[in-house]
1. Below 14 angstrom from the Cβ of N21, what's the summed charge of the other residues (Lys, Arg +1; Asp, Glu -1)?
2. Using the crude model of +1 on Lys and Arg Cβ and -1 on Asp and Glu Cβ, and no other charge, please compute the dipole size for the chain relative to its Cα centre, in debye to 20.
3. Sequence gap of 8 or more, or different chains, plus Cα separation below 21 Å: how many lysine pairs satisfy both in the chain?
4. Taking 8 Å as the Cα distance limit and 6 or more residues as the minimum spacing, I'd like the relative contact order of segment 2-161 as a percentage.
5. Could you give the length gained by full extension between W91 and K50, i.e. 0.36 nm per residue of separation minus their alpha carbon distance, to one decimal place?
6. For the chain, what does the alpha-carbon gyration tensor say about shape, rounded, prolate or oblate, given a ≥ b ≥ c as the root eigenvalues, a/c under 1.5 as rounded, and a/b over b/c as prolate?
Amino acid sequence: MVVLREFDQSDAPKLVELANNLNVARYLVDTFPHPYTDEDAKWWVSTGSKSGITKVIQYNGEFVGSVGAMPDINERRFSASIGYWVGQPFWGKGIASQALSILTNEVFATTDIIRISASVYHPNRASMRVLEKSGYVREAVLKAAVFKNDEFYDEHVFVKFKH
């Protein structure tokens, strides 16, 4: 069973354990550090997770990852971007799709956001499947838009609109 909740200081050790994994960090934004240290976790829990709508993903009562939506501003104030990660021991169980669906529904129900987007780097096919299972559709492919891991990747942009 997947539940979303706020971060608290007791999450820091499990956050380090799961996030300090190159396979987890490989296709995430560069602001997701690797290696992931105790200091990174303390900062994230106390400060970083307070931006936007950021939640712990719990699976059967256990911390397994995070999902968050960041509202845009100004002329894009009715849009948000969303991101997520799940620790490698929990991959392939449908957890990310469930968490993404829960947060997407929460954002649409509790804010004036009408459009949520997510960017995925080309090699990350599993993340593309997560988005599709959660009702997101591919809107664009930006060729060679991202430089990560010493190579250029196409960026796939997925969107979901409030019904």
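Every read-out reported here was derived from the displayed coordinates using simple, explicitly stated rules and does not represent laboratory data. In this text, all values refer to a predicted model and were calculated from it rather than measured experimentally. Here the Cβ is made from the backbone with ideal geometry for all residues, glycine too, and neighbour counts use every protein chain on show.
1. Working: positive: K14, R26; negative: E17, D40.
After counting each charged neighbour, the total is 0.
2. On the way: 18 positive and 19 negative charges, 116 e Å.
That gives the chain a dipole magnitude of about 560 debye.
3. 13
4. On the way: 271 pairs, mean separation 30.2, N = 160.
This gives 19 percent for segment 2-161.
5. Working: separation 41, 0.36 × 41 = 14.76 nm, distance 2.57 nm.
Full-extension gain reported as 12.2 nm.
6. Numbers: a/c = 1.45, a/b = 1.15, b/c = 1.25.
Rounded is the answer for the chain, as its axis ratio a/c remains below 1.5.
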